[in-house]
Amino acid sequence: MDTKYALNYTKPTEDSVWNHVVGIDIQPRFGLSGTALETTRDQFLAFMTEQYGPKEFRYDLRWTDYGVDIRFRETSDAASFLMLHTKEKPPTITTPYYGIRGH
């Protein structure tokens, strides 16, 4: 499994044991379903366990429609994950708007 995941967002949290949330995309553009999705999740959980230890001590996972939200206890863990295992998402291609704007 690729260790560079597309970064959706990152934000600090307050009033929680988890200090940072990092949202990443682990699914292809058109998504996965069934066995493929379960395999991808298992591979990602194995990757996180190898890098950061057992779940719920240093991090926790929330599965989403687009990927996963990783909640980290320590700033250093969130920073290392961001620096070593994420990449910027490619820009979304949009149709340029020609004409008058503002009505």
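The values are calculated or read from the model by the stated rules, or taken from the named source; none is laboratory data. Worth saying up front: this structure is predicted, and the values here are computed from it rather than measured. Cβ coordinates were reconstructed from backbone atoms using ideal geometry, including for glycine residues, and neighbour counts include every protein chain displayed.
Of all residues in region 53-75, exactly one satisfies the criterion of being without any contact (Cβ under 8 Å) to a residue 12 or more places away in the chain and outside any loop (DSSP other than H, G, I, E, B), namely 62.
Candidates in region 17-46 are the residues that are surrounded by 10 or more Cβ atoms within 10 Å (Cβ to Cβ) and among the polar types (S, T, N, Q); of these, the one that is modelled with the lowest pLDDT is 27.
Could you list, ordered by first residue, the pairs with Cβ atoms under 9 Å in which the first is in region 80-96 and modelled with pLDDT of 70 or more and part of a helix (DSSP H, G or I) and the second is loosely packed, with under 14 Cβ neighbours inside 10 Å and not hydrophobic (A, V, I, L, M, F, W, C), at least 6 apart or interchain? What qualifies is 84/3; 84/4; 85/3; 85/4.
Of 52, 59, 5, 9, which residue is touching a Ser or Thr at 6+ places or on another chain (Cβ under 9 Å) and at pLDDT 90 or above?
Working: 59 fails: touching a Ser or Thr at 6+ places or on another chain (Cβ under 9 Å); 5 fails: at pLDDT 90 or above; 9 fails: touching a Ser or Thr at 6+ places or on another chain (Cβ under 9 Å).
None of the others qualify; the one that does is 52.
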